[in-house]
Every structure is written in structure tokens, then in C-alpha cells.
Amino acid sequence: AQSVTQLGSHVSVSEGALVLLRCNYSSSVPPYLFWYVQYPNQGLQLLLKYTSAATLVKGINGFEAEFKKSETSFHLTKPSAHMSDAAEYFCAVSAPRGANQGGKLIFGQGTELSVKP
Amino acid sequence: DAGVIQSPRHEVTEMGQEVTLRCKPISGHDYLFWYRQTMMRGLELLIYFNNNVPIDDSGMPEDRFSAKMPNASFSTLKIQPSEPRDSAVYFCASSPGTGEPDTGELFFGEGSRLTVL
């Protein structure tokens, strides 16, 4: 079975500062990992995903995440926050479809990012 | 390509009324998911379909909720009778079910915001 824990339901940073959103996962098989972003009154859209091709994954809007198997982590970072980054961010894990609960994304509780001017 | 299309975007109804939410998945996607999002419970998977067949409805809260997928391009989520605690944003998402690898990546609609008075 898979699970995801996002550390911190709210994160606040100043504009131009580093963004770090934490995600730890649990999976009985090699996982696929995702970060989604949700802007107010919108659906979730994919920021980036890890599919075992490379441990450092680059996504849209300058975000990236690093898969660390030894730490079971997939933290999201951005070197310099912009006001437009204010949103809710969800980490998710899935397993290959043939695996138990495979093909189904399991989401974390979300982290709301605020960016101060 | 059009994304996942949901209707209505907003619905306000009175307790006891029937509510029907609609979803058109991305053409060619084999999987369709219904999620509910609330402040208290976050994102909850209600039910998902594969090739129009319900696969897992264990997240459906109770018998007042039902979902159908009569064809590959249309699904409904019905609540009858509705109650104030059903107030939430309901998301439909679809997934290709193909690709190498098939990660289960989800493509979300904009959501239907339901308010039950």
C-alpha cells in the first residue's frame, strides 16, 4: 500500500526566498511520485512527476523535486518565490497498475503556500 | 485538446433536493475518477471507472451517492437526497491508462462547487 505525508499544512515565504515543501512517502513497490498545484477556484494541475528516469525532476514554473529513496522523500523546491506561486500544493504517490492499489494516485493533505511581498 | 469538462461549476440547492454533477473526460482516456474536496478531509477518492465499469466505489460515503458512466465520454455523480454536509468541491479526473510507464497520472477538471443549504 502507498501513503504520503506532507509536512506543514501552511508555509509562508517572502518573495524571492527559497521555497521548500516537504513530502515523504511510503510504498511497498518502486513508486511514481507527483506534485500538483491548485490555484484558487481551479482544479489540480501537474507540476512535475518522477517515473524513475532521473532522481532530479524539473517541472513547470521553475519548480523541481528530488527523489531520495534512502529518505523516502520527494521534496519540492524553487530557488526564488514569486507572488504568483501562492497556491495549494499536493504531493501524490502511485504504483504500477499491476501492483496492489496500482494505478491509483494517493494524495497528501496539501500544503498552502503564501508568498509575502 | 479539450481537458476534462465538468458541469455545473457552481450549484446551490436546498437540503433534500437531488443533485447531478456531470463530467466529460479527455477523449481516449480509459480511467475516470470522482474526488471530493473539503477543508476538513482534503481530497477524497469517491469512485473510479475503467472502460466505463466501476472498479472501486469504497470511497462513496453512503447510499445517497451514486455514479454512472454510460459511455466513454460521459459520467454523472448523483446525490439524492442532498444534505448540508455534502457541501464540497467535486472533481472529476481522467487518466490515459497507457504510456510507458503508465503512471496513473491524473488530468483534473475545474470542479463543481456544491452548496447545500
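Loop-located GluC sites (Glu not before Pro) in segment B:1-95 (DSSP state other than H, G, I, E, B) with a sparse environment of at most 12 neighbouring Cβ atoms within 10 Å: B:Glu14, B:Glu18, B:Glu62.
The residues of segment B:96-111 listed by number as losing at least 40 Å² of accessible area in the complex, against the isolated chain and with a 1.4 Å probe, are B:Pro101, B:Asp102, B:Thr103, B:Glu105, B:Leu106, B:Phe108, B:Glu110.
Interface size between chain B and chain A, please: total buried accessible area, 1.4 Å probe, rounded to the nearest 100 Å². Separately minus together, B and A give about 1800 Å² buried.
Quote the charge dipole size of chain A about the Cα centre in Debye, to the nearest 20; the model charges only the Cβ of Lys and Arg (+1) and of Asp and Glu (-1).
Values: 9 positive and 7 negative charges, 68 e Å.
Rounded to the nearest 20 debye, it is 320 debye.
Toward the positive end of the charge dipole of the protein assembly as shown, with +1 on the Cβ of Lys and Arg and -1 on the Cβ of Asp and Glu, the farthest Cα among B:His29, B:Pro96, A:Leu46 is that of A:Leu46.
Here the ratio of the Cα radius of gyration of the protein assembly as shown to 2.2 N^0.38 Å is 1.02. Surface analysis of the protein assembly as shown yields an accessible area of 48 Å² per residue, using protein heavy atoms and a 1.4 Å probe.
What translational diffusion coefficient, to the nearest whole µm²/s, does segment B:18-69 have by Stokes-Einstein, given a Kirkwood radius computed over alpha-carbon pairs, a temperature of 10 °C and 1.306 mPa s viscosity? Please list the in-between numbers first.
On the way: Rh = 12.0 Å.
For the chosen part, D equals 133 µm²/s.
Other protein chain C-beta atoms within 10 Å of residue C-beta, averaged over A:31-39: 2. With just the Cα atoms defining each centre, how far is segment B:38-117 from segment A:58-77? Give it in Å. Cα centroid to Cα centroid, the span is 28 Å. When chain A is described by a simple charge dipole with +1 on each Lys and Arg Cβ and -1 on each Asp and Glu Cβ, the residue from A:Ala1, A:Val115, A:His75 located farthest towards its positive end is A:Ala1.
Give me the dipole magnitude in Debye, nearest 20, for the protein assembly as shown about the Cα centre, with unit charges on the beta carbon: positive for Lys and Arg, negative for Asp and Glu.
Values: 19 positive and 23 negative charges, 44 e Å.
Rounded to the nearest 20 debye, it is 220 debye.
Between the residues B:Ser66, B:Val19, B:Gly109, the greatest Cα displacement towards the positive end of the dipole of chain B, with unit charges on the Cβ of Lys, Arg, Asp and Glu, is found for B:Val19.
Can you list, largest first and rounded to whole Å, the semi-axes you get for chain B by taking the square root of 5 times each eigenvalue of its Cα gyration tensor?
Working: eigenvalues 118, 36, 35 Å².
Output for chain B: semi-axes of 24, 13, 13 Å.
Express the carbon and sulfur contribution to the solvent-accessible surface of the protein assembly as shown as a percent, rounded to the nearest whole number, probe 1.4 angstrom.
Summing carbon and sulfur atoms, their accessible area is 51 percent of the total for the protein assembly as shown.
Which pairs in the list A:Lys49/B:Lys68; A:Lys78/A:Lys116; B:Lys24/B:Lys68; A:Lys69/A:Lys116 are over 22 Å apart, alpha-carbon to alpha-carbon? Cα-Cα > 22 Å for A:Lys49/B:Lys68; A:Lys69/A:Lys116; rest within.
Please get the size of the charge dipole for segment B:8-105, origin at its Cα centre, with Cβ charges of +1 on Lys and Arg and -1 on Asp and Glu, quoted in debye to the nearest 20.
Computed charge dipole of segment B:8-105: roughly 300 debye.
The values are calculated or read from the model by the stated rules, or taken from the named source; none is laboratory data. Just so it is clear, the structure is predicted and the values come from calculations on it, not from any experiment. Neighbour counts run over all protein chains shown; Cβ positions are idealised from the backbone, glycine included. Remember, those area values only see protein heavy atoms, side chains included, never the ligands or the DNA or RNA. Shrake-Rupley method; radii C 1.70, N 1.55, O 1.52, S 1.80 Å.
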